[in-house]
2 protein chains.
Amino acid sequence: MLSIEILKNIGIFENLNERELKLLLNISRMRHFEKGEVLFYEKEKAKYLTMLLEGVIKIYKVDPKNNEIILHRFVPKNFVAEMAVFEGVAYPASAAFETDGSVLEIDFEKFKENFFSNPEITLELFKSLTQKIKYLDNVIALTVVLDSTARVAKYICENEEALSMKHNKLAQYLHITPETLSRIFKKFSKLGFIEKHGSVYEILDREALEILFE
Amino acid sequence: MLSIEILKNIGIFENLNERELKLLLNISRMRHFEKGEVLFYEKEKAKYLTMLLEGVIKIYKVDPKNNEIILHRFVPKNFVAEMAVFEGVAYPASAAFETDGSVLEIDFEKFKENFFSNPEITLELFKSLTQKIKYLDNVIALTVVLDSTARVAKYICENEEALSMKHNKLAQYLHITPETLSRIFKKFSKLGFIEKHGSVYEILDREALEILFE
DNA sequence: AAATAGAGTTGATATACGTCAATAATGAGA
DNA sequence: TCTCATTATTGACGTATATCAACTCTATTT
């Protein structure tokens, strides 16, 4: 059940006073989702300002061959696709839960009326928007600019967890097939850039990898 | 020479009072550029809040083979790469003038101090940021999700001017080679989807083209 | 320990585009 | 109108990556 306590624990709202928190509570609700459930589909009209409270959400597009192209994974507590609500346009991508989770849904018109004059709130919203620009830029930098080899090199250099991820998940992230990923890992191993310890890889020559994508 | 008159004619500033305009004038300057000149390079630190006043700017990344990947073309009067200034990070792409032009450079820290409490200004900045998200989304929708044929179909359906553009410019936009573009146009002509009249193409079967990218 | 399913690997093959080179069409200047 | 430079087209070929299928490894269940 949604409560003032929960709202208070969300960074962007922590400095709201009691009156404001009550108001916010009145224009919000919490919804729970199970793993696999879809929060929204691409091209659906955005209705609420949505913040992820618990769980992991993947944001993805579907290409003509029905491949999922994952743009980003969100963890709490972040606004999801606020751009679409701000602009009153359709969602540019779909969102689905990868674990059980919950979101906060806020009536956007009322939120705008009551909270947009609060500089702390607007500054947070700015940050949230610029963050989204960075995520999209990252997708482009990774997917449009680099070839598969460079993409893998960049990703494992910049995301420690990539080395212990399941390869088919990682491949999905990088928009390549598991087969291609396997071949690239093999190549890097042969070149002595990485080494396998059990099921986890270790980077031996970070500089060499960096040369590949810079 | 930069003047209050010029500032007054910029949409986002049109409701500022005399005092505010003078303040803005004090923290701004105008810079002129010639066709081909670079406004900023990718990875450079952003120093000023920049608005394009005259001319056309292309925003592009460079891939490892030194191909330019054009993300967007800006026309007046738009903020350019404000995200980088907001976040105090490096520009995620380069910007160069495609015609002679000029920009307004605003001292961001002082602008923030003095104008961020003005809801009209912040709302415009929101719009500008969400617009950028849409541009990037478009690049992804076009380049990552669709293959060349679908990309061309989408672009000529959604951008009338594409039909009379020079093919090598169009190809650059779509991140394909002129050869590939030529082959796709030929294919569309053979299929009766488009027809050439002089140097301009005409769409005969819009629905067929739409099926290709939907 | 045996059985089984999922994940990862490998090789053979297909395909979409890019590259290169030659040629053709177009358009601007003399 | 002719010339020259740019732009567009075409064909032959190369390359990166996807696809498909077989196989191996690993981990979990019984």
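Nothing in this text is a laboratory measurement; each read-out follows from the coordinates by a stated rule. The model shown is predicted, which means the values in this text are computed figures rather than measured ones. When we count neighbours, we look across all protein chains shown, and the Cβ atoms used for this are built from the backbone with ideal geometry, even at glycine.
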Quick one: with label points 7 Å out along Cα→Cβ, list the inter-copy distances for B:Ser199 in nm, shortest first?
6.2
Along the charge dipole of segment A:116-214, Cβ charges K/R +1 and D/E -1, which of A:Ile156, A:Val200, A:His167 sits furthest on the positive end?
A:His167
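So if R0 is 41 Å, what FRET efficiency would B:Met30 and A:Asn67 give, r being the distance between their Cβ atoms, rounded to the nearest 0.05?
Working: r = 48 Å, r/R0 = 1.16.
Efficiency, from the Cβ-Cβ distance: 0.30.
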Is the protein assembly as shown best put as rounded, prolate or oblate by its Cα gyration tensor, with a ≥ b ≥ c the root eigenvalues, rounded for a/c under 1.5, and otherwise prolate when a/b is larger than b/c, oblate when not?
rounded
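Only helices at least 30 Å long along their own axis, judged from Cα atoms, and with Kyte-Doolittle mean hydropathy of -1.0 or greater: name those in chain A from DSSP H. Each step should come with its number before you reach the end.
Details: long enough: A:119-143 (36 Å, 0.25).
Qualifying helices, which must be both long enough and hydrophobic enough, are A:119-143.
From the alpha carbon gyration tensor of segment B:4-128, can you work out the equivalent ellipsoid semi-axes (sqrt of 5 times each eigenvalue) and give them in Å, largest to smallest?
On the way: eigenvalues 140, 50, 28 Å².
Largest first, segment B:4-128 gives 26, 16, 12 Å.
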What do you get for trypsin sites (Lys or Arg not before Pro) in segment B:161-206 restricted to DSSP loop and a cutoff of at most 15 other Cβ within 10 Å of the site's Cβ?
B:Lys166
How high is the relative contact order of segment B:146-213, in percent, with contacts defined as C-alpha pairs under 8 Å that are six or more residues apart?
38
Chain B, relative contact order [Cα under 8 Å, separation at least 6], %:
19
For A:Leu53, enumerate residues with amide H under 5 Å from its amide H, sequence gap 5+ or separate chain, H modeled in the peptide plane.
A:Ser102, A:Val103, A:Leu104
For A:Glu20, project a label point 7 Å along Cα to C-beta. Then give me every residue of segment B:111-148 with its amide nitrogen under 16 Å of that point.
B:117-119
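Would you work out the relative contact order for segment B:4-128, in percent, from Cα pairs under 8 angstrom that are 6 or more residues apart?
Working: 230 pairs, mean separation 42.7, N = 125.
About 34 percent, as a whole number.
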Starting at the first residue of segment A:58-75, write each ³J(HN,Hα) from the Karplus equation 6.51 cos²θ - 1.76 cosθ + 1.60 with θ = phi - 60°, in whole Hz, x for Gly and Pro.
9, 9, 8, 10, 10, 8, x, 8, 6, 7, 7, 10, 7, 8, 6, 10, 9, 10
Rg [Å, one decimal], Dmax [Å, integer] - segment A:146-213, C-alpha atoms:
10.5, 29
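Pairs to check: B:Lys35/B:Lys169; A:Lys47/B:Lys112; B:Lys58/B:Lys169. Give those whose C-alpha atoms are more than 19 Å from each other in this structure. List each step's numbers first, then the result.
Numbers: B:Lys35/B:Lys169 16 Å; A:Lys47/B:Lys112 31 Å; B:Lys58/B:Lys169 12 Å.
In this structure, A:Lys47/B:Lys112 exceed 19 Å between Cα atoms.
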Which of the residue pairs A:Lys187/B:Lys61; B:Lys110/B:Lys132; A:Lys186/B:Lys61; A:Lys43/A:Lys166; B:Lys77/B:Lys127; A:Lys127/A:Lys154 have a Cα-Cα distance greater than 20 Å in the structure shown?
A:Lys187/B:Lys61; B:Lys110/B:Lys132; A:Lys186/B:Lys61; A:Lys43/A:Lys166; A:Lys127/A:Lys154
Under the rule of at least 5 residues apart or a separate chain, name every residue whose amide H is placed under 5 Å from the amide H of A:Leu204.
A:Ile194, A:Glu195
When only alpha-carbon atoms count, how far does segment A:96-194 stretch along each of its three principal axes, as whole angstroms with the largest first?
60, 29, 21
Long-range amide H partners of B:Glu44, meaning residues 5 or more apart or on another chain whose placed amide H is closer than 5 Å, are B:Tyr91
Using Cα centres only, tell me the gap between segment A:15-40 and segment B:22-46 in whole Å.
42
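Just the number: Rg to Rh for chain A, Cα atoms, Kirkwood Rh, two decimals. Walk me through the numbers on the way to the answer.
Working: Rg = 20.1 Å, Rh = 19.2 Å.
Rg/Rh: 1.05.
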Burial ordering of B:Thr177, B:Thr143, fewest other beta-carbon atoms within 10 Å first:
B:Thr177, B:Thr143
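Please report Rg over Rh for segment B:115-160, where both radii come from the alpha carbon positions and Rh follows the Kirkwood definition. Don't skip to the answer; put the middle values down first.
Numbers: Rg = 15.6 Å, Rh = 12.5 Å.
Using Cα coordinates only, the ratio equals 1.26.
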For peptide B:88-100, what's the mean number of Cβ atoms from other chains within 10 Å of each residue's Cβ?
1
